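Asker: Let me give you the structure first, and then I'll get to my questions.
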Amino acid sequence: MRIRSFQEYETAYKKSVEQPENFWNDIAENFTWYKKWDKVVDWDFKDYKVKWFEGASLNITENCIDRHLPHKANDIAFIWESNFDNAPNRKITYQQLHDEVCKTANALKKLGVKKGDRVCIYLPMVPQAVYSMLACARIGAIHSVVFAGFSAASLAGRIQDCECKIIICSDGSYRGDKILNLKNVVDEAIETCPSITNTIVLKVTNELVDFKVGFDIWWNDLVPTCDNFCKPEIMDSEDELFILYTSGSTGKPKGVVHTCGGYMVYTAYTFVNVFQYDANDIYWCTADVGWITGHSYITYGPLLAGATSIIYEGVPVFPDSGRFWKIIDKYKVTHFYTAPTAIRALEACGIEFVTPYHLSSLKVLGSVGEPINIEAWQWYNKNIGKEKCPIVDTWWQTETGGILISSLAGVTPQKPSYATLPLPGVQPILVDDKGNEIIGNNVEGNLCIKYPWPSIIRTTFGDHDRCKQTYFTTYPNLYFTGDGCKRDETGNYRITGRVDDVMNISGHRIGTAEVESAINSHADVVESAVVGYPHDIKGQGIYAFVIAPSITKNNSTLTTEIISVVSKLISPIAKPDKIQIVSGLPKTRSGKIMRRILRKIAEGDVNNLGDISTLLDPNVVEEIKKGRV
Ligand code: WTA
């Protein structure tokens, strides 16, 4: 399964395109199945459906844990590093992981959770977050992890959409020198979530919480009393493993569904090949388990490979901006995987935070979540990798489940700011706006994929039509990624950013429509339009144009209120960076907002707005240009 040379990559890639079924059949043979598949893949992108390893049965936790026990019971699966620098860490062996996951699984069973039930997980970065995910998978429950920075309203929306039965949360969460009271957020959210029958509350910060006996259950009263063996549920390859909500260009966040067999095969295959992880390496992905990166490359991929990983509770800048580098030094981390926004933010803090630490253990660096600009790439390469570590720029999405385009560390060539080549099994294609394939090299277009890979999105929870509409109708017979992309003269891919109304703020996906609807809920706001603009640290910032004709308060009060309403309805990560109060928006005669113009203004490119003659009222553009903030 492991590719070790460029030639092996080329051979594997060729086979994956010419004989995809044989290719994935051989990869899948590396796992423990209770029953093997009847057919490797069955698919149709026209009327979207896809099945991988049909007829097979398995349990992903058997592959993440039990399979390793005969030879790795005492090896470390996770090292947990606290938010606080001087607090003791925790090392969890594969045997301990087995026991904790089984106890948690039995605890869920005790509360009546059955195969197919949905369980919401709203936890900080503590080992119990991973135990909870795996406990669900152990008994066939479907986990829906919600990033613990989302507001009560966002959490409630996600619980309601898939009707979760249980929510696992904590009293609070440490974020550097701040404490967030998560239980309060949960209490507020579940007021509108009748499907929740119990909460399991883990003590993390010892916050005072409103505890409803009988309904709220302390983790510590329940889980440690449960048996440390739980037989894995036999799952069909296409049974649902988890739901993860993500923003799109329209409407509410979608519940992206991944299933057991294909997701397992693909995350394991990509983990070992992209990162070239070897026995005794120490891998650290700084993502949060609330995002897909945390699912695929903190929880599942590394465990499937029997790896040792770091789980870090805190933030990059606490107690100071050297924390990441200190942790790398402390544990002799070999593989470090983070987001460009973190690299840029830490670069801005100054090299004096890096130099005190020995980073010579590092072998591979990774980047994920947004395009990495050349300057950040060079800084990362020079100051962290000391020009000896390959950098894997991994392009993928919540919907793709695993990395689709990336170099393989030290095996295939890298090129700064390029994700480079597709992984075996991935067939990218660039199309123009009409859907015609753009052939040849040195070209640019909309990035689509023309053949399924094992961890492709199966559906959007409860609404398969939405899945078809969003991904499979823009360009018939293709999966449309929503990203723009260049292909250079040697076939390397460079992602240029979203071509739809999705913004990427510090690597977080946020839909313009979601932010607009939050802003519009303010009583003084009549209408708003939100666009992304280039931001030095965050990659993109949020610029909101707001119509509020009858305000009596001053603009700065309104601005503060808008920021607070967005934090409350979505999350502080979705707060606009700039708010401009305007009297009108540039609309076509048919009433459509011309975002292209707003984007240009937000970018500061005000003299290059193109044709504005089709606007209902071209004068409004002059006013907006003058009032730019
Ligand atoms: C962007 C995160 C450039 C892209 C794994 C994609 C990237 C969206 C890269 C998915 C990269 C992710 N280079 N852009 N290496 N990785 N993106 O679902 O726009 O949170 O469509 O998944 O992030 O974000 P998501």
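All of the numbers you see were taken from the coordinates with simple rules; none came from a lab. Bear in mind that the values here come from a model prediction, so they are computed numbers and not experimental data. A quick note on method: Cβ atoms are made from the backbone with ideal geometry, for glycine too, and the neighbour counts reach across all protein chains shown.
Asker: Taking R0 as 41 Å, what FRET efficiency do you get between residue 210 and residue 463 from their Cβ-Cβ distance, rounded to the nearest 0.05?
Answerer: Calculated value: 0.75.
Asker: Now for a separate question. How would region 265-318 be classified by its alpha-carbon gyration tensor: rounded, prolate or oblate, with rounded meaning a/c under 1.5 and the a/b versus b/c comparison settling the rest?
Answerer: oblate
Asker: Identify the residues of region 200-241 with backbone N under 15 Å of a label point that sits 7 angstrom from the Cα of residue 110 along the Cα-to-Cβ direction, or state none.
Answerer: Residues 200-203, 214-230 fall inside that zone.
Asker: With θ set to phi - 60° and the Karplus curve 6.51 cos²θ - 1.76 cosθ + 1.60, what are the ³J(HN,Hα) couplings of region 33-42 in order, to the nearest whole Hz, using x for Gly and Pro?
Answerer: Once rounded to whole Hz, the list reads 10, 6, 9, 7, 6, 8, 9, 6, 8, 9.
Asker: So how far apart, in nm, are the two label points at residue 249 and residue 606 if each is 7 Å from Cα heading toward Cβ?
Answerer: 2.8 nm
Asker: In region 343-407, what trypsin sites (Lys or Arg not before Pro) fall in a loop by DSSP, with at most 15 other Cβ atoms inside 10 Å?
Answerer: Listed in order of number, the matching sites are 386, 388.
Asker: Taking amide H atoms as placed 1.01 Å from N in the peptide plane, list the residues 5 or more away in sequence, or in a different chain, whose amide H sits under 5 Å from that of residue 527.
Answerer: When sequence neighbours closer than 5 places are left aside, the close amide H contacts are 547.
Asker: Taking H placed 1.01 Å from N in the peptide plane, check which residues at least 5 places from residue 276 or on another chain put their amide H under 5 Å from its amide H.
Answerer: 409
Asker: At 20 °C and a viscosity of 1.002 mPa s, what translational diffusion coefficient does Stokes-Einstein give for the chain, taking Rh as the Kirkwood radius over Cα pairs? Give it in µm²/s as a whole number.
Answerer: The diffusion coefficient I find is 85 µm²/s.
Asker: Next question, about the same structure. Relative contact order of region 92-233, please, whole-number percent, based on alpha carbon pairs below 8 angstrom and at least 6 residues apart.
Answerer: 29 percent
Asker: Let me know the Rg and Dmax you get for region 505-626 when you use only its Cα atoms, in Å.
Answerer: Gyration radius and largest Cα-Cα distance of region 505-626: 14.0, 39 Å.
Asker: Given 359, 286, 560, which one lies farthest toward the positive end of the charge dipole of the chain, if we put +1 on the Cβ of every Lys and Arg and -1 on the Cβ of every Asp and Glu?
Answerer: My answer, from the dipole projection, is 359.
Asker: Quick check: pseudo-label points 7 Å beyond the Cα along Cα→Cβ at residue 195 and residue 85, how many nm apart are they?
Answerer: 4.4 nm
Asker: Going by C-beta contacts inside 10 Å, put 415, 183, 39 in order with the fewest on the left.
Answerer: Exposure proxy ranking, most exposed first: 39, 415, 183.
Asker: Please list the equivalent ellipsoid semi-axes of region 447-517, computed as the square roots of five times the alpha-carbon gyration tensor eigenvalues, in descending order and whole angstrom.
Answerer: 22, 19, 11
Asker: Quick check on my link table: of 72/103; 72/388; 51/72, which ones sit more than 22 Å apart, alpha carbon to alpha carbon?
Answerer: Correct reply: 72/388; 51/72.
Asker: Let me ask something additional. Rounded to the nearest 20 debye, what is the charge dipole size of the chain about its Cα centre when +1 sits on each Lys and Arg Cβ and -1 on each Asp and Glu Cβ?
Answerer: It comes to approximately 220 debye.
Asker: Would you kindly state the longest site-free stretch of the chain, with sites defined as GluC sites (Glu not before Pro) in a DSSP loop (not H, G, I, E, B) surrounded by at most 12 other Cβ atoms within 10 Å?
Answerer: Result, exposed sites excluded: 192-386.
Asker: Related question: Could you give the alpha-carbon Rg of region 163-321 over 2.2 N^0.38 Å, rounded to two decimals?
Answerer: 1.21
Asker: Further, regarding this structure: Divide by every residue of the chain the summed helix terms, -39500 (n - 2.57) for each DSSP H run of at least 4, and state the resulting mean residue ellipticity at 222 nm, rounded to the nearest 500 deg cm²/dmol.
Answerer: Helices in the chain give a 222 nm mean residue ellipticity of -8000 deg cm²/dmol.
Asker: Run through region 428-510 and list the trypsin sites (Lys or Arg not before Pro) located in a DSSP loop whose Cβ has at most 12 other Cβ atoms within 10 Å.
Answerer: Within region 428-510, the qualifying trypsin sites (Lys or Arg not before Pro) (loop, at most 12 other Cβ atoms within 10 Å) are 434.
Asker: Taking amide H atoms as placed 1.01 Å from N in the peptide plane, list the residues 5 or more away in sequence, or in a different chain, whose amide H sits under 5 Å from that of residue 256.
Answerer: Sorted by chain and number, the residues that satisfy this are 244, 245, 246, 461.
Asker: If you don't mind, there's one more thing I want to ask. Taking N as the number of residues in region 92-233, what is its Cα Rg relative to 2.2 N^0.38 Å?
Answerer: Rg over 2.2 N^0.38 Å, computed on Cα atoms: 0.97.
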